[in-house]
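Reviewing the structure listed below.
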Amino acid sequence: MHPTDPNSSRKSIFLAAARGERPERVPVWIMRQAGRYLPGYRRIRERFSFLEVAKTPELAAEVSLEPYQRIGVDAIIVFSDILIVAEAMGLPLEILDDGPKLGNPVRDRAAVEALREFDPARATRFVADAIRSICNEAGPDVPVLGFAAAPWTLACYMVEGRTRGELAIIKRMMYAEPELLRELLAKIAHATAPYLKMQIAAGATAVQVFDTWAGELRLKDYEEFALPATQQMISEIKAGDAPVIHYAKNCAHLLPALARTGATVLSVDWRTDLAEARAKIGGSIALQGNVDPTVLLGTEEGIRNAVREAIGKTGGSGHILNLGHGILPQTPVENALAFVNAARDFSHKQGQHAETAKATVRE
């Protein structure tokens with residue numbers, strides 16, 4: 001295991017930041033941190049397919065733990081895929097080299113009605129078992145994160161079949177058959193909430209909701225379609241003390257609406273200035289992010305500067321440091337480690353400056 005932090009437990013630091021507080025240092029983890037940039041993950045993928053790893057709790061736990069063991073991140077996110085829910089609802093799922101593909105895309109009312117509700121404990125038990133294994137291995141002081149897609153993003157994949165942002169088919173449904181899209185989004189929200197509840201019950205400290213394609217919507221359309229479904233899902237999770245993190249890509253124009261989703265933490269990409277985000281949404285919601293993943297392809301000095309800038313934008317208050325999207329497969333492991341170490345280093349120095357300032361005031 002990675003050496004124990006000399007400060008408070010990772011979990012207490014993570015939860016304090018998620019509550020909007022200023023812990024003794026800014027917690028840090030990395031989206032897609034269990035992936036192709038790590039040698040252990042690559043060795044496993046030489047023998048098993050993506051879905052075999054995701055659906056075998058022992059393998060999923062092993063690749064989930066590698067970033068914690070190797071680079072010392074402050075949270076462990078379970079290895080899985082956002083389309084697991086679509087598969088459980090009845091759509092055949094393939095994970096290909098060029099991205100995921102869903103069979104039998106949802107294009108009409110009959111297809112929406114054919115989508116099934118499912119019992120997460122039966123249909124997706126492998127996710128809960130992986131979370132339990134990670135919790136047992138990492139111990140009680142390390143936060144484990146579950147996740148799922150937001151209703152709009154899952155609907156994009158379910159309607160398009162596969163997409164990298166070309167959303168003509170679902171947008172045609174939005175403008176030509178708006179009630180049908182609302183029914184689909186509500187059905188997804190209702191199916192996803194118990195899936196996330198299962199993850200929390202299995203030991204997840206927090207859950208993250210990925211709304212990758214929200215930025216493709218105008219504010220008006222987001223508020224009319226995506227926002228109500230996301231609010232419904234988060235409300236139905238009844239997460240209690242477990243934070244709900246909402247990640248939205250390319251969504252600076254949606255920030256006031258995102259603040260109304262019910263999420264505890266808003267995770268933003270590198271296009272969004274963290275100081276401006278804080279000014280727009282206020283202090284009641286914590287922020288996560290938002291270093292550009294390509295920064296980790298550069299120098300250690302560049303990485304440290306980017307970390308210093310990101311933390312400086314929030315003052316370390318209510319901030320979970322992360323990338324603005326997933327880590328790139330070609331990222332050197334030593335650069336991922338430099339990112340984590342820079343977060344600790346800068347937070348420590350920032351804390352020292354704060355204590356010095358307090359002492360000066362007292363004097």
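In a fully extended conformation the segment linking Arg182 and Gln330 would gain 49.4 nm over its present Cα-Cα distance, using 0.36 nm per residue.
Loop-located trypsin sites (Lys or Arg not before Pro) across segment 216-285 with a Cβ neighbour count of 16 or fewer within 10 Å are Arg218, Lys238, Arg260, Arg271, with loop assigned by DSSP. Sorted on the mean count of surrounding Cβ atoms within 10 Å across their residues, most packed first, peptides 12-20, 287-295, 49-57 read 287-295, 12-20, 49-57.
Taking R0 as 25 Å, what FRET efficiency do you get between Arg308 and Lys280 from their Cβ-Cβ distance, rounded to the nearest 0.05? Rounded to the nearest 0.05, the efficiency is 0.65. Entry note, the chain: the mean residue ellipticity at 222 nm calculated from DSSP H runs of n ≥ 4, each adding -39500 (n - 2.57), is -15000 deg cm²/dmol after division by the residues and rounding to the nearest 500. Taken over the Cα atoms of segment 196-346, the convex hull encloses 118 Å³ per residue. Where in segment 208-225 is the amide nitrogen less than 12 Å from a point lying 7 Å along the Cα-to-Cβ axis of Arg271? Counting backbone N atoms under 12 Å from the label point, the list is 213-218.
For segment 10-362, the Cβ-based charge dipole about the Cα centre amounts to some 580 debye (Lys, Arg positive; Asp, Glu negative; other atoms uncharged). The 3J(HN,Hα) values that the Karplus relation (6.51, -1.76, 1.60; θ = phi - 60°) gives for segment 315-326 are, in residue order, x, x, 9, x, 9, 10, 6, 7, 7, x, 6, x Hz. Gly and Pro appear as x. Counting Lys and Arg as +1 and Asp and Glu as -1 over every other residue whose Cβ lies under 14 Å from the Cβ of Asn136, the net charge comes to -4. For segment 64-116, trypsin sites (Lys or Arg not before Pro) meeting the loop criterion (DSSP other than H, G, I, E, B) and having at most 14 other Cβ atoms within 10 Å: Arg116. Distance between the pseudo-spin-label points of Glu58 and Lys220 (7 Å out from Cα toward the beta carbon): 5.7 nm.
Spatially, segment 294-308 and segment 15-67 are offset by 21 Å when compared through their Cα centroids.
Near the amide H of Ile77, within less than 5 Å, lie the amide hydrogens of Leu145, all on another chain or at least 5 residues away, with H placed in the peptide plane. Other residues with beta-carbon under 14 Å from the beta-carbon of Ile234 carry, at +1 per Lys or Arg and -1 per Asp or Glu, a net charge of +1. Size of the chain: Rg and Dmax of its alpha carbons, in Å, are 19.9, 74. Using a cut-off of 10 Å between beta-carbons, work out the net charge of the residues near Arg45 (Lys and Arg +1, Asp and Glu -1, Arg45 not included). With Lys, Arg at +1 and Asp, Glu at -1, the net is +2. For the pair Tyr175 and His253, the difference between a 0.36 nm per residue extended length and the Cα-Cα distance amounts to 26.0 nm.
Considering only Gly262, Val63, Ser80, whose Cα is most displaced toward the positive end of the charge dipole of the chain, charges sitting on Cβ of Lys, Arg (+1) and Asp, Glu (-1)? So the residue furthest toward the plus end is Gly262.
Computed from Cα atoms, the angle from the helix 178-202 axis to the main principal axis of the chain rounds to 50 degrees.
Coordinate-derived values only; no laboratory data. Because the structure is a prediction, the values reported are computed rather than measured. Neighbour counts run over all protein chains shown; Cβ positions are idealised from the backbone, glycine included.
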